[in-house]
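Report on the following structure.
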Amino acid sequence: MAALPIRRYEGEISLVATQAELERALADLRQESAVGFDTETRPAFRKGESHLPCLVQVATARRVYLFQLRQAQVFQVLAELLAETQVVKAGVALANDLRSLKLLFPFMESNVLDLGIVARRCHLDQTGVRNLAGILLGIRIPKGTRTSNWAAPRLSAAQISYAATDAWVCRELFLQFQVLGLLQAKPPGAAKHRIDVEADRAGTDGDRVEDR
């Protein structure tokens, strides 16, 4: 991994704040068949301390959208995206993300794909987003601002780049899984428009701690 080239997302990033930006984001998301999905949460440093997500990142083919969860007006857009049956939401360790987001706003997720679970079913030993990026994309994703204050009203340039890169990588991994034919097998009894992210929860949440 240490020998791989470092890559960051270099495309357009939209920090969604106004109603016009929300409408633009929703219109773009509706055009997609698959998006990269991730969240960021303020780090907890004391035993028993925990926080809810502060940021949701969604990557399309054209740009990455960052939704700060301090603004309640973004909830409806995110709820619609998560419920959309025609758009795959691809990410890693999504069970914990969805569980935490439901404490902020209600939604019923559909067509959510946890790439860590898919990797495990394909007998890959490494299932975290950074290890998968190294194995399947040949790139190294920096971890620099992972434990920064994601609840800050104004995100730094480094935070914005880090957050956008994670969502972009999730989409790129989905596309690579697709090219390699690794998305064909579904668990028995899986719903037509949803892959159950709760399956194998313990292993997937472990990936979040070690290699998100």
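Only one residue in Phe174, Phe75 is under 17 Å from Leu26 (Cα atoms) and either open to solvent by 10 Å² or more (accessible area, probe 1.4 Å) or more than 14 Å from the chain's Cα centre (by Cα) (or both), so which one is that? Talk me through it step by step, then tell me what you get.
On the way: Phe174 fails: under 17 Å from Leu26 (Cα atoms).
Result of the check over Phe174, Phe75: Phe75.
Output the residues belonging to the range 55-72 that are surrounded by 20 or more Cβ atoms within 10 Å (Cβ to Cβ) and part of a strand (DSSP E or B). Give the steps one after another, and end with the answer.
Step one: of the range 55-72, the residues surrounded by 20 or more Cβ atoms within 10 Å (Cβ to Cβ) are 55-60, 64-67, 69.
Listed by number, the residues that qualify are Leu55, Val56, Gln57, Val58, Ala59, Val64, Tyr65, Leu66, Phe67.
Which is touching a Leu at 6+ places or on another chain (Cβ under 6 Å), open to solvent by less than 20 Å² (accessible area, probe 1.4 Å) and in contact (Cβ under 8 Å) with a residue 40 or more places away in the chain, of Leu98, Leu94, Leu115? Show your work before the answer.
Numbers: Leu98 fails: touching a Leu at 6+ places or on another chain (Cβ under 6 Å); Leu94 fails: touching a Leu at 6+ places or on another chain (Cβ under 6 Å).
Within the list Leu98, Leu94, Leu115, the selection yields Leu115.
Report yes if Phe177 is outside any helix (DSSP H, G or I) and either at pLDDT 90 or above or within 19 Å of Ile6 (Cα to Cα) (or both), otherwise no. Full working, then the answer.
On the way: outside any helix (DSSP H, G or I): no; either at pLDDT 90 or above or within 19 Å of Ile6 (Cα to Cα) (or both): yes.
No.
Look through the range 149-160, keep the residues that are open to solvent by 30 Å² or more (accessible area, probe 1.4 Å) and touching a strand residue (DSSP E or B) at 6+ places or on another chain (Cβ under 9 Å), and return whichever of them is modelled with the highest pLDDT.
Taking the range 149-160 as the starting set, the residues that turn out to be open to solvent by 30 Å² or more (accessible area, probe 1.4 Å) are 149, 151, 153-154, 156-158, 160.
Next, from what is left, pick out any that are touching a strand residue (DSSP E or B) at 6+ places or on another chain (Cβ under 9 Å): 149, 151, 153, 160.
Values: Asn149: 87, Ala151: 88, Pro153: 88, Ile160: 95.
Among those residues, the one meeting the criterion is Ile160.
Only residues in the range 26-47 that are touching a residue at least 60 places away in the same chain (Cβ under 8 Å) and under 25 Å from Ala61 (Cα atoms) count as the first member; pair them with residues that are exposed (fewer than 11 other Cβ atoms within 10 Å of the Cβ) and not hydrophobic (A, V, I, L, M, F, W, C), Cβ under 9 angstrom, at least 6 apart or cross-chain, and list the lot.
These pairs meet every condition: Thr41/Ser50.
Looking at Glu84, is it open to solvent by 20 Å² or more (accessible area, probe 1.4 Å) and of a type in the set (Asp, Glu)? I'd like the intermediate steps shown before the answer.
Values: open to solvent by 20 Å² or more (accessible area, probe 1.4 Å): yes; of a type in the set (Asp, Glu): yes.
Answer is yes for this residue.
In the range 118-138, which residue that is in contact (Cβ under 8 Å) with a residue 60 or more places away in the chain and part of a loop (DSSP other than H, G, I, E, B) is nearest to the chain's Cα centre (by Cα)?
Gly128
If we scan the range 139-147, do we find a residue that is among the polar types (S, T, N, Q) and within 16 Å of Thr39 (Cα to Cα)? Please lay out each step first, then the result.
Let us first name the residues in the range 139-147 that are among the polar types (S, T, N, Q), namely 145, 147.
Remaining after also requiring within 16 Å of Thr39 (Cα to Cα): 145, 147.
There is at least one residue in the range 139-147 that is among the polar types (S, T, N, Q) and within 16 Å of Thr39 (Cα to Cα).
Which members of the range 5-43 meet the condition of being in a loop (DSSP other than H, G, I, E, B) and open to solvent by less than 50 Å² (accessible area, probe 1.4 Å)? Full working, then the answer.
At the first step, the residues of the range 5-43 found to be in a loop (DSSP other than H, G, I, E, B) are 5, 7-11, 17-18, 30-33, 42-43.
Answer for the range 5-43, where residues must be in a loop (DSSP other than H, G, I, E, B) and open to solvent by less than 50 Å² (accessible area, probe 1.4 Å): Tyr9, Gly11, Ala17, Glu32, Pro43.
Determine which single condition Lys89 fails, assuming it passes every other condition in (1) touching a strand residue (DSSP E or B) at 6+ places or on another chain (Cβ under 8 Å); (2) open to solvent by 50 Å² or more (accessible area, probe 1.4 Å); (3) among the basic types (Lys, Arg); (4) not in a helix (DSSP H, G or I).
Of (1) touching a strand residue (DSSP E or B) at 6+ places or on another chain (Cβ under 8 Å); (2) open to solvent by 50 Å² or more (accessible area, probe 1.4 Å); (3) among the basic types (Lys, Arg); (4) not in a helix (DSSP H, G or I), only one is false for Lys89: (2).
The values are calculated or read from the model by the stated rules, or taken from the named source; none is laboratory data. Note that the structure is a prediction, hence the values are computed from the model and not measured. Every residue, glycine as well, gets a Cβ built from its backbone with ideal geometry; the counts of neighbours run over all protein chains shown. All accessible areas refer to the heavy atoms of the entire protein, side chains included, with ligands and DNA or RNA removed. Shrake-Rupley method; radii C 1.70, N 1.55, O 1.52, S 1.80 Å.
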